[in-house]
Amino acid sequence: MTLRKIQNRVDSKGGLACVPMSDLRPLTTKSKLGPGVCRDISRQLNAVGIDHFPRELPSDHAESVYLYRTGSRAERLIRAFIYPSEEGTKIIKKST
């Protein structure tokens, strides 16, 4: 899958998509996912305004991750769960 296709997938799903790592591996020329490859994939995603959860991409191609647009409602909600705060509590309560 190309970076453009990943962007389109995230955007077509309202700024949040669950994607298996096997779909992200083609963003690199390496045949296996490892820590360095995952960091490279993360940098590529960040460069086009897409962030991910978990923060550290897994090296297992069968695991899935959330991809979301930076600045989106999805990002605010995910960050509210990751970084507990009073403001985060308000964001979570609003979304339920």
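The values are calculated or read from the model by the stated rules, or taken from the named source; none is laboratory data. Computed from a prediction, not measured in an experiment: that's the story for all the values here. Positions of Cβ are backbone-derived with ideal geometry, glycine not excepted, and every protein chain shown enters the neighbour counts.
Mind telling me which of the residues LEU67, LEU57, LEU45 ends up being surrounded by 14 or more Cβ atoms within 10 Å (Cβ to Cβ), in a helix (DSSP H, G or I) and either at pLDDT 95 or above or touching a Lys or Arg at 6+ places or on another chain (Cβ under 6 Å) (or both)? Give the derivation first.
Working: LEU67 fails: in a helix (DSSP H, G or I); LEU57 fails: in a helix (DSSP H, G or I).
Within the list LEU67, LEU57, LEU45, the selection yields LEU45.
Hey, could you check region 1-38 for residues that are assigned to a helix (DSSP H, G or I) and charged (D, E, K, R) and say which is nearest to THR70 (Cα to Cα)?
ASP11
Of the residues ALA74, ALA17, which is of a type outside the set (Phe, Trp, Tyr) and at pLDDT 95 or above?
ALA17
Select from region 47-85 the residues that are within 21 Å of THR2 (Cα to Cα) and among the acidic types (Asp, Glu) and list them in ascending order.
ASP51, GLU56, ASP60, GLU63, listed by residue number.
When region 71-86 is examined, which residues are found to be in a helix (DSSP H, G or I) and surrounded by 11 or more Cβ atoms within 10 Å (Cβ to Cβ)?
Matches in region 71-86: ARG73, ALA74, GLU75, ARG76, LEU77, ILE78, ARG79, ALA80, PHE81, ILE82.
Which one of the conditions (1) of a type in the set (Asp, Glu); (2) within 30 Å of LYS90 (Cβ to Cβ); (3) surrounded by fewer than 17 Cβ atoms within 10 Å (Cβ to Cβ) does ASP51 fail to meet, given that it meets all the rest?
(3)
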